[in-house]
Amino acid sequence: TGLIALMLAQRQPLAKIDAVEIDANSYQQALENVAASLWSNAIQVHFSSVQKFLQKKATIYDLIISNPPFFNAGTAAPSANRHQARHTTGLSHEDLLLIAQQHLHPMGRFCLILPTLEGQEFIKSATKLDLHLTQLLEVRSKANKTVERLLIQLEKSKKVLEHTHLIIQAGDGRHDYTDDYKRLTKDFYLDR
């Protein structure tokens, strides 16, 4: 729906952003969201698979961000759109790594979010393509829960790993967020 592209444009107002969406409804929503934003001149929304988009455009990017399909296996989602968004049938993790390896500037960064097990496997696969883990943020919904998501940053050059942790909820209330989570997300809430 363009949310990640809009968040990036808000943080990097001089960036030129290609947002690629394969789902028709999400693409239409992204067009509307971008057009209604302050950053409409910075974002171009493309209706395509990322593979087809990059076949037509041999661009090298300083930053590639993906909210990729999470799961390689498992039960199919009830709707085709949800299955496409959550499972790697249309965009395998291997394809995504090859895209990053081929289209990332030598000093660029590739960032994505995955569930813990899938993220650990993704990191192992990345090293085979000389993409090195430079930042890892482990996310827990609550302090007493296990790590549920990994926010991963890969680069072509080796660097000292920056490894951090984030707990989202401080208590049992629906909007009882930790101070760290509030600090991280405060700039994205427009109704303060």
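The values are calculated or read from the model by the stated rules, or taken from the named source; none is laboratory data. Keep in mind the model is a prediction, meaning the values are calculated, not measured. Note: ideal-geometry Cβ built from the backbone for every residue, glycine included; neighbour counts use all protein chains shown. Note: accessible area is taken over every heavy atom of the protein model, side chains too, but ligands, DNA and RNA are not part of it. Shrake-Rupley method; radii C 1.70, N 1.55, O 1.52, S 1.80 Å.
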Quiz item: Just one of (1) 12.1; (2) 10.2; (3) 13.8 is mean projected area of the Cα convex hull in nm² calculated from these coordinates, so which is it?
Solution: (1)
Practice problem: Pull up all non-local amide H partners of Y61: gap of 5 or more, or a different chain, and H-to-H distance under 5 Å with H placed in the peptide plane. | Solution: L104, H105
Quiz item: Among T134, T116, T146, whose mean-square fluctuation peaks in a Gaussian network model of the chain (Cα, cutoff 10 Å)?
Solution: T146
Exercise. Multiply the residue separation of L166 and D179 by 0.36 nm, subtract the distance between their alpha-carbon atoms, and state the gained length in nm to one decimal.
Key: 3.7 nm
Quiz item: Counting only residues 5 or more places away or on other chains, whose amide H sits under 5 Å from the amide H of I22 once H atoms are built in the peptide plane?
Solution: S48
Quiz item: Excluding ligands, DNA and RNA, what is the solvent-accessible area per residue of the chain at a probe of 1.4 Å, expressed in Å²?
Solution: 62
Quiz item: Across the range 173-185, in residue order, what do the Karplus-derived ³J(HN,Hα) couplings come to in whole Hz, using 6.51 cos²θ - 1.76 cosθ + 1.60 with θ = phi - 60° and x for Gly and Pro?
Solution: x, 4, 10, 8, 8, 6, 4, 4, 5, 4, 4, 5, 10
Quiz item: Which is farthest toward the positive dipole end of the chain among G173, A126, S157, measuring Cα position about the Cα centre, with Cβ charges +1 (Lys, Arg) and -1 (Asp, Glu)?
Solution: S157
Quiz item: What residue among V160, V139, V50 has the largest mean-square fluctuation in a Gaussian network model of the chain, using Cα springs under 10 Å?
Solution: V160
Quiz item: What residue among A36, A19, A100 shows peak mean-square fluctuation when the chain is described by a Gaussian network model with Cα springs under 10 Å?
Solution: A36
Quiz prompt | Partners for K16 among lysines (Cα-Cα distance below 28 Å; same-chain residues under 8 apart left out) | solution = K52, K56, K57, K156, K158, K159, K182, K186
